[in-house]
1. Looking at (1) at pLDDT 75 or above; (2) open to solvent by 90 Å² or more (accessible area, probe 1.4 Å), which one does G56 not meet, given that it meets all the others?
2. Scan V239, V214, V226, V235 and give me the residue that is under 18 Å from T130 (Cα atoms) and modelled with pLDDT of 60 or more.
3. For segment 88-109, which residues satisfy the criterion of being farther than 18 Å from P68 by Cβ and open to solvent by 60 Å² or more (accessible area, probe 1.4 Å)?
4. When you check A122 against the structure, is it of a type in the set (A, V, I, L, M, F, W, C), surrounded by 16 or more Cβ atoms within 10 Å (Cβ to Cβ) and in a strand (DSSP E or B), yes or no?
5. So, in segment 135-149, of the ones that are farther than 23 Å from V42 by Cβ and not in a strand (DSSP E or B), which residue ends up least open to solvent (accessible area, probe 1.4 Å)?
6. Is one or more of the residues making up segment 161-176 hydrophobic (A, V, I, L, M, F, W, C), modelled with pLDDT of 85 or more and within 24 Å of V216 (Cα to Cα)?
7. When residues of segment 81-106 are filtered for being in a loop (DSSP other than H, G, I, E, B) and under 16 Å from the mean Cα position of the chain (by Cα), how many remain?
Amino acid sequence: YNEYKSYLSNDMRNKYYQVLLLLLTVSVATGALTFTSSNTYVRSGVSSTITCTISGFGGSTTNHGIRPADGSSTVLTKGTYDTGQNKVIDTLTISSPSTDATYTCFGTDTTSGATEETQTIAVDVVTISTVNVAVTSGNSATVTCKATGHSTAISSVQVLHGSSTISGNNINYDSGNSATQTTATATIASVTSDTDYTCRFIWGSNQLDSTQHVDVVSMTFPNTYVKTGTSSSAVKCEVADVAREPSKISFECA
């Protein structure tokens, strides 16, 4: 073109640039968008945030977000478009989830003039229950965690102390790791101080954590000597150093 442009009229030059611009525009047009959702398993009653990432835009979008899947046009949330990555991350915070719900993540690549594309996000509300444990120093403690209400089988369960996983050989599943209830137990030998353990239920790339506290207490038994022939004598059991929920500590002297 540079060699012959001096022989071209202004009109022909303009047509050349128009064609070149059209070719460049077509070259950045995208195909189908890619939707990736995460954090779709949430704990019952615990504020949670689900995320939908849409990528593959040609360089522009104004139509995107998360809305109810019941056909409503109400946009519940809308993230910010990342021009450097040609993607958008839409997040939705559910303040106190109690029942399973379905949402629609949607986006339109306005650069290519494509129609709106959508993906359904199914949010699974799971109840995780633990029971705080009290033991005397040096004894073993059993951490028990139960997840109920999940609609798909759990991939795995971990019991952690800080960032360290307790040996998987100590973890036992109840109910066959079913799709509606999973119970995991782990035995910790020789507990000598108050310790928090984390139960982690995993579904692929999604996970839910819950904390169980093991409380090391001291027990004394005063008044263990009684006078022979006495019709009734008070024998006491005293528990001290209870850090969590002392009203739930129960014991029996027999």
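The values are calculated or read from the model by the stated rules, or taken from the named source; none is laboratory data. Note that the structure is a prediction, hence the values are computed from the model and not measured. Methodologically, a virtual Cβ is constructed for each residue, glycine included, from the backbone with ideal geometry; neighbour enumeration extends over all protein chains shown. Heads up: the accessible areas ignore ligands, DNA and RNA and are worked out on the full protein's heavy atoms, side chains in. Shrake-Rupley method; radii C 1.70, N 1.55, O 1.52, S 1.80 Å.
1. Status for G56: all satisfied but (2).
2. Exactly one of V239, V214, V226, V235 is under 18 Å from T130 (Cα atoms) and modelled with pLDDT of 60 or more, namely V214.
3. I89
4. So A122 does not fit the description; no.
5. My answer is G138.
6. no
7. Number satisfying all stated conditions: 6.
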